[in-house]
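Undergrad: If you scroll down you'll find the structure; I have some questions about it.
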Amino acid sequence: MLGSGGSVNTHIEASSKPSSFEFPGFDKGGMFDLGHPLLNRIAESFVKAAGIGAIQAVSREAYFTATEASGLDSTSGIPPEISGHKKNRFPNLRGDNNRKSLEAMVKHTGKESLQWGLAAGVYSGLTYGLKEARGAHDWKNSAVAGAITGVALALTSDSSSHEQIVQCAITGAAISTAANLLSGIF
């Protein structure tokens, strides 16, 4: 198209109908306005990660259901009668009927969504708060936020021991620190 001055107009107008997979503000960071940037960041992180957690939980269960129905072991393609072990990640998911199975899957998916959302919200809130308090965003903020997020996740498990809590704190700190240090490389 030619613009008013005879130049070529390279602007392509977007379709007025949004795609079915577009969420308003999903990439722009404007899904919430709770009155404070910290609250907005926590809420947005929670919602985004909770959705990803739900998709992950349902996808994982679909995979295990498909491999179980095919009679193959999910790790090596060997039938479980031959390999000697059978993986069932969610033993309570198989109810007496379809309704109980669906209820168990919804309950499990909700719990996983909550855990993913909790992790993202806690981590995002802590990194923001530490950046504001210290005036810098560095590996130290990431390590502290990762450790506290690891502890929060460990406490959501059904049976959390002292060793598990410490291990999750160390793992969270290590992963978060590594991600922070590697973010400038890639």
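Undergrad: Determine if segment 62-69 includes at least one residue that is over 22 Å from Ala179 (Cβ atoms) and modelled with pLDDT of 90 or more. Break it down into steps so the answer makes sense when it comes.
TA: As a first pass, look at segment 62-69 and keep what is over 22 Å from Ala179 (Cβ atoms): 62-69.
Pick out the ones that are also modelled with pLDDT of 90 or more and you get none.
No, every residue in segment 62-69 fails to be over 22 Å from Ala179 (Cβ atoms) and modelled with pLDDT of 90 or more.
Undergrad: Give all pairs with beta carbons closer than 9 Å in which a residue from segment 158-186 that is modelled with pLDDT under 95 meets a residue that is among the aromatic types (Phe, Trp, Tyr) and open to solvent by less than 60 Å² (accessible area, probe 1.4 Å); count only pairs at least 6 apart in sequence or on separate chains.
TA: none
The values are calculated or read from the model by the stated rules, or taken from the named source; none is laboratory data. Predicted model only: the values in this text are computed from it and were never measured. We place every Cβ from the backbone using ideal geometry, glycine too, and count neighbours over all the protein chains shown. Heads up: the accessible areas ignore ligands, DNA and RNA and are worked out on the full protein's heavy atoms, side chains in. Shrake-Rupley method; radii C 1.70, N 1.55, O 1.52, S 1.80 Å.
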